[in-house]
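Derivation of every value follows stated rules applied to the coordinates shown; laboratory data play no part. All of these numbers come straight from a predicted model, not from anything done at the bench. As a convention, Cβ positions derive from the backbone with ideal geometry for all residues, glycine included, and neighbour counts pool all protein chains shown.
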Amino acid sequence: MSAESPGQKQGFKSFLSNALRPKKSRQTLRKGSRSTTDLRLAARPSIDEGPPPPLPPPPMPELAPLHAHRLKYKDLHAQVDSQLGERRDYTEIIHSLGTLGSDDDDHALRYSQNIHRPPGEGDIASLPPKLWGQIASYLDPAEAASLAITSITLYRRLGPGYFRELAHPQNLPYKITFLAGLDLSLPNHLLCIPCARYHTRTQRGTERLRPTHILNPLFACPNSTNALNPPPRHRITHGRMLPFTFVQLTMRAHRFGPSYGLTPDALARRWQRDNWSHTSRFHIHAGRLLMRVTSQTFAAPALTPSAQRMLLFSREDYWPYFSACAHWRDGELMPACKCALEHIPRPRSTGGLQGLEHKVKDRWTGGVFDPNALTTLCGFCRPMRRCPECPTEYLIEVKLCEDRADGRFKQAITVTRWTDLGDGKTPDGIQWAAINGCSEEYDSFQHEHYAKRGIASIFEAAFTSDTLPGQRVVSLNPKMKKLGEKGNDWY
Ligand SMILES: [Zn+2]
Ligand SMILES: [Zn+2]
Ligand SMILES: [Zn+2]
């Protein structure tokens, strides 16, 4: 006991002195600086009321490290060589990108830096034209031309040769990439892909997606009637196309502002054709336009194979009535649709001995045949299917729906397709090329965008009202057999 008491006393003493010692944080506050870090401390609930903290807080620096870092680089930025007008620290730009946040203060700071920044023309002019030519030689024709129009000084250094190069027919994809880069300065125009030039928008702000048979020019184009040079477009369903111009308009408006085009909601449509009803909806995710098309038709039970084909295929072009990517003939999309149709409950035969047996059985079990019974799909036709060659996913469902014609509930097959239409810059974009069957490179299970999370899952998460049950995603073409029209399974 006697050995413990001095220790206890000492402990109590140090506890008291610790509690009474002015806190480091309080010292910092007394300095009265109005930096954000101190304000944040002042806004903290008072610590004095509660029990003392077990450890004193570490000493506070006068400035937050990030703030100090910014000031240091601001100082360096101010050091401009009086002879050449060059900045001494070339890493400033990169650092300022990393250290400047997006809050209002930083916006103002960046803005004032841009205004007061000495013009870079001196820096550009200080390098000989030969060196600029060498720099441009590392760039592709589109990038080199973009560099040449950056400023009048650069244009004088690099000359008009890069624009003449773009005019070569073999450089057409580069020309389109270069022109697409001018979108920001041309809100009243649209880049026409067949002409590789900008036309004035004739329906500015009122552009609407219309069925294919309705003439719907968005600009006056000399190639509009040239069947050999058609504008890029994607088939949604029979008689419905999505021209690339609408993807351009939507993505431009997303990137630069409403005056540049349309919102994704303006593309949404509902239509009916050949006993199928379709609903399309659009959503922008991570700089790319996503589309969902839901197609539905009533399906009678126990259809024969030929009746199943009548139900699923258009006799005009032997495409499915629902929306499909360019690879729908390969793999298991059509067999899965037919499998789903097989699951629709069949009425029992009521005649003959078998019918009598059923009647007795039904009375014995107290149950009767119910045409409105829920349809359960099997492990083959139920899972979400993803096309391995393009960013497209399909889901097949069979459910009861009300037929407005007679007010009765009937079984209906629904095929929903989710697809990624790309960034809308050029039709050579990897997603647009893949869904139209123009790219062999795309692997949807390996591609970084959808390796971890499906297109449907991303799309449905954006609309909380439409919740999608957890689905496992399997390949539409697990054996990767590519026979196209020559294959036997699709029809
Ligand atoms: Zn044109
Ligand atoms: Zn099945
Ligand atoms: Zn596909």
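Quick notes on this one:
- Across the range 122-129, computed HN-Hα scalar couplings (Karplus, 6.51 cos²θ - 1.76 cosθ + 1.60, θ = phi - 60°) run x, 4, 5, 5, 6, 8, x, x Hz from first to last residue, x flagging Gly and Pro.
- Each residue of the range 398-406 was assigned a 3J(HN,Hα) from its phi angle through the Karplus expression (A = 6.51, B = -1.76, C = 1.60, θ = phi - 60°), giving 10, 8, 7, 9, 7, 8, 5, 5, 10 Hz with x at Gly and Pro.
- HN-Hα J in Hz across the range 323-338 - Karplus 6.51, -1.76, 1.60, θ = phi - 60°, x for Gly and Pro: 6, 9, 7, 5, 9, 5, 6, 7, x, 10, 5, 6, x, 5, 4, 5
- Filtered chymotrypsin sites (Phe, Trp or Tyr not before Pro), the range 400-481: DSSP coil and at most 14 other beta carbons within 10 Å: Phe445, Phe463
- Here the relative contact order of the range 123-180, from alpha carbon pairs under 8 Å that lie six or more residues apart, stands at 36 percent.
- Ordering 125-132, 179-186 by mean Cβ neighbour count within 10 Å, with the highest value first, yields 179-186, 125-132.
- Pairs from Lys338/Lys410; Lys338/Lys399; Lys175/Lys425; Lys338/Lys481; Lys338/Lys479; Lys130/Lys175 whose Cα-Cα separation, in the structure shown, is over 22 Å: Lys130/Lys175
- The charge dipole of the range 383-431, taken about its Cα centre with unit charges on the Cβ of Lys, Arg, Asp and Glu (plus for the first two, minus for the last two), comes to roughly 220 debye.
- Taken over the range 123-180, the ratio of Cα radius of gyration to 2.2 N^0.38 Å equals 1.09.
- Pair Glu165, Thr304: separation of 7 Å Cα→Cβ label points (nm): 6.6
- Net charge over other residues, Cβ less than 12 angstrom from the Cβ of Pro243 (K, R count +1; D, E count -1): +4
- Taking the Cα centre of the range 123-180 as origin and assigning +1 to Lys and Arg Cβ atoms and -1 to Asp and Glu Cβ atoms, the resulting dipole is close to 180 debye.
- Cβ charges +1 (Lys, Arg) and -1 (Asp, Glu), total dipole of the range 111-263, debye: 500
- Estimated FRET transfer efficiency (Gln203, Glu397; beta-carbon r; R0 41 Å; 0.05): 0.65
- Relative packing of 419-430, 276-287, which averages over residues the other C-beta atoms within 10 Å, highest first: 419-430, 276-287
- Between Asn188 and His285, the FRET efficiency estimated from the beta carbon spacing at R0 = 25 angstrom works out to 0.35.
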